[in-house]
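Asks: There's a structure below that I have some questions on.
Bear in mind that the values in this text are calculations on the coordinates, not laboratory data. Since this is a predicted model, take the numbers as computed values, not measurements. Using ideal geometry, Cβ is built from the backbone for each residue, glycine included, and neighbour counts are taken over all protein chains shown.
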Amino acid sequence: MAATTADGSKVVGGGEKSNVDEESKMITLFSSDGERFEVTQEAAAMSQTIHHMMEDGCVDDEGVHLPNVGSSILAMVIEYCNRHVASPDEKEDIRSFDAGFVNVEHHTLFDIIRAANYLDVKELMDLCCQTVADSIKSKSVEEIRELFGIVNDFTPEEEAEIRKENQWAFE
Amino acid sequence: MAEAAGGAPQLPDDLIIWEILMRLPVKPVLRCRAVCRSWRRCLTSDAKFLRAHHSRQPSLPLVTTQEGQEKRIDAMDHRAGERRPVARTTATATATATAEDLDVLASCDGLLVLIAYGGLYICNPATRQLAPLPLPSHVSCIAGLYPHRPSGSYRLLCCVKTDGRAVYHVHALGSGELRCVGEPPEPWASGDVVTMMPMMEFLKPHVLAGGRLYWHPLKLPVKGGGKVNNMLVFDTVAESFRHVISPVDGACIELFETNDGTLGLYDYNGDTADLWVLQDYERWVWSLKHRIKLQMMPFFLLPDTNGDMIVLSEKGENTGLRWQYLQNISGTDGSSPTRYEWNVFLNLKKLRFKQSLVRHPFFSMEGSNNDGAVDEKPLFEGLSTVTVDLDDDYEPHTEESMVPKSAAGASHP
């Protein structure tokens, strides 16, 4: 995993030159369970949520608290962002990284989707949501309910009616 | 999967519907309507969802073909390497042993105008809504299918040949009326052009971009002698015609609507393709975006809204005209990772199809018996996807295919 915990805090403030070493400016993120992650501002900016906070000057010396994201998931999101800002042009490498990245249990994928949604990381949302969509393309109605933990609230007659309406989709 | 429900909270419905289900093709979306009530509500009648879902669908070229007793219209998906069925006719018991004529004349927002079973129909293959089009027999060709933005209705532009002159009419679907909108400017209103219009429309159909219908340039005579590459345009809101000069003079020109609703033009000649975009409609100013160096010489080119192109090229000297290649070329970097085996019996139309689950009231208004499947004349049943063979010997070219613009934004008067 690319995320590391810092042994000393780095202050990101108005006193530094803003154009020199732009990429190496760090920002601290705190997961919901209090773990601390140091990331480059560039990687953090992949999250529109954090990017807006940085732009609006809402990031204090301590860093950004993310009460909605647990440490294991945050670590994965950070790994994704670091990889994507590191070599955005190497399409083949990125493709195989992405394929490996989403090769996880569905409940983990759902956790990443929730985090990516909260953090507003568009590329990660696209990747994970497309992966889930691809996996349910040929699933039956029952399998889809099971996957998302949804309770069937139709009466048997209602369900039969819906299936009949678009019969060809159920064949 | 049992542990999926334990402990961790599930994804909220909103997120599932708008971020995941939105990405599904039509068939699984229809299945998802049976999952639970809240999904059914959104996936069936939330207009915003249905429109957004439609806009995400791939825009696939249509192909007509005959296989045995069956005539088919398919959509060619070059990413999956498949021909997806859209509609088909079979030999009916009373007709002759050959399949009834089947062809597509217009495609817009998931709607198709079809000739089938001896009649003209408007249909939506995704919802299987179908209705006959009550157009009089003196309509010589369908010149356009488009949404009329101010009223929200869908309309057909038809050409009626009257005393050797082209007179255009508009039919708003479901209205039962055919309203005259006048003649186009000379030289489009009379002479050989009028006779040729149906064939022209068949080979190089109209293109809808930014609320206007454009037809491919024709070399037509001008006052004072000579000929120019003339383009006819119909403004669907003002309901008026205009004719303009094509920015390029070549014979191999393809018009298309770009992602942001402007008119694009590919001028391909030999092994290059120049992309032009209409910058200013009123002043008729175009700019040359870039030139792509192709690795083959296409004889057929169909652009997509993002600038990608589906092209057909011939295999080679010893294989004759029967055997061809189909490939997709990226409009951004000229790359083409795969190539497919194609042949002359697969007729690629210059029309693209993008599935839509949006339902339209005009289907019941046009006078169909029901507003679902029409079983007496099956068009949508019993269809299967056909795999298209990859050319295993194809090696994608790795050299740079984009040629920098020599003139900065050259515009054409």
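Asks: Lys and Arg at +1, Asp and Glu at -1: add these up for the other residues within a Cβ distance under 12 Å of B:Arg165 and post the number. Walk me through the numbers on the way to the answer.
Replies: Values: positive: B:Lys161; negative: B:Asp163, B:Glu183, B:Glu186.
With Lys, Arg at +1 and Asp, Glu at -1, the net is -2.
Asks: Oh, and also: What number, in percent, do you get for the relative contact order of chain B if the mean sequence gap of Cα pairs under 8 Å and at least 6 apart is divided by its residue count?
Replies: Values: 859 pairs, mean separation 70.2, N = 413.
Contact order relative to length: 17 percent.
Asks: Hey, another quick one. With θ taken as phi - 60° and the coefficients 6.51, -1.76 and 1.60, list the Karplus ³J(HN,Hα) couplings across the range B:156-169 in order, rounded to whole Hz; mark glycine and proline as x.
Replies: 10, 9, 10, 9, 10, 8, 10, 6, x, 10, 8, 10, 9, 9
Asks: Related question: By a straight-distance test (C-alpha under 20 Å), which lysines pair with B:Lys293 as possible cross-link partners, with residues fewer than eight away in the same chain excluded?
Replies: Leaving aside lysines fewer than 8 places away in the same chain, those within reach of B:Lys293 are B:Lys315, B:Lys405.
Asks: Using unit Cβ charges (K, R positive; D, E negative) and no other charged atoms, how large, in debye to the nearest 20, is the dipole of the protein assembly as shown about its Cα centre? Don't jump to the answer; show the numbers that get you there.
Replies: Values: 56 positive and 85 negative charges, 517 e Å.
The dipole magnitude comes to about 2480 debye.
Asks: Would you mind checking which residues have amide H under 5 Å from B:Leu120's amide H? H placed 1.01 Å from N; only 5 or more apart, or other chain.
Replies: Residues meeting the criterion, in which the H sits 1.01 Å from N, are B:Leu133.
Asks: A follow-up question, please. Using the reciprocal of the averaged 1/r over all distinct C-alpha pairs, how large is the Kirkwood radius of the protein assembly as shown in Å? Display every interim value, and only then the final one.
Replies: Values: mean 1/r = 0.0367 Å⁻¹.
Hydrodynamic radius (Kirkwood, Cα only) of the protein assembly as shown equals 27.3 Å.
Asks: Please identify the DSSP H helices in chain B that span no less than 15 Å along the helix axis (Cα) and have a mean Kyte-Doolittle hydropathy of 0.0 or more. Walk me through the numbers before you get to the answer.
Replies: On the way: long enough: B:192-203 (16 Å, 1.11).
Result, helices passing both filters: B:192-203.
Asks: Say the dipole of the range A:63-171 comes from +1 at the beta carbon of Lys and Arg and -1 at that of Asp and Glu; which of A:Phe97, A:Ala116, A:Asn82 then lies farthest toward its positive end?
Replies: A:Asn82
Asks: For A:Lys164, list the lysines whose Cα falls under 22 Å from its own Cα; do not include residues on the same chain fewer than 8 positions away.
Replies: A:Lys137, A:Lys139, B:Lys27, B:Lys377
Asks: How do B:Trp276, A:Trp168 line up, fewest other C-beta atoms within 10 Å first? List each step's numbers first, then the result.
Replies: Details: B:Trp276 23, A:Trp168 13.
Fewest-to-most Cβ neighbours within 10 Å comes out as A:Trp168, B:Trp276.
Asks: Only counting other Cβ atoms within 10 Å, I'd like B:Tyr325, B:Tyr121 sorted with the fewest neighbours first. Numbers along the way, then the final one.
Replies: Values: B:Tyr325 18, B:Tyr121 21.
The fewest-first ordering by Cβ neighbours comes to B:Tyr325, B:Tyr121.
Asks: Suppose R0 equals 35 Å. What FRET efficiency, 1/(1 + (r/R0)^6) with r the Cβ-Cβ distance, do B:Gln10 and A:Lys164 give to the nearest 0.05? Intermediate values should be presented prior to the final figure.
Replies: Working: r = 29 Å, r/R0 = 0.82.
The value I calculate is 0.75.
Asks: Ok, one more. Can you give me the pair-distance distribution of chain B, C-alpha pairs, 10 Å bins, whole percents?
Replies: All Cα pairs considered, the percentages come to 4, 20, 29, 27, 15, 4, 1, 0, 0.
Asks: Treating only the Cβ of Lys, Arg, Asp and Glu as charged (+1, +1, -1, -1), what charge dipole size does chain A show about its Cα centre? Round to the nearest 20 debye. Don't skip to the end; give the middle numbers.
Replies: Values: 14 positive and 36 negative charges, 30 e Å.
In debye, rounded to 20, chain A gives about 140.
Asks: So what is log10(I(q)/I(0)) for chain A at q = 0.12, 0.17, 0.18 1/Å, when the Debye sum runs over its Cα atoms only?
Replies: -0.65, -1.05, -1.14
Asks: Find the relative contact order for the range B:113-264 and round it to a whole percent, using C-alpha pairs within less than 8 Å whose residues are 6+ positions apart. Write down the numbers at each step before the final one.
Replies: Numbers: 275 pairs, mean separation 22.3, N = 152.
Once normalised by length, the contact order is 15 percent.
Asks: Straight-line reach from B:Lys48: which aspartates and glutamates fall under 18 Å, measuring Cα to Cα and dropping same-chain residues less than 8 apart?
Replies: B:Asp13, B:Asp14, B:Glu19, B:Asp109
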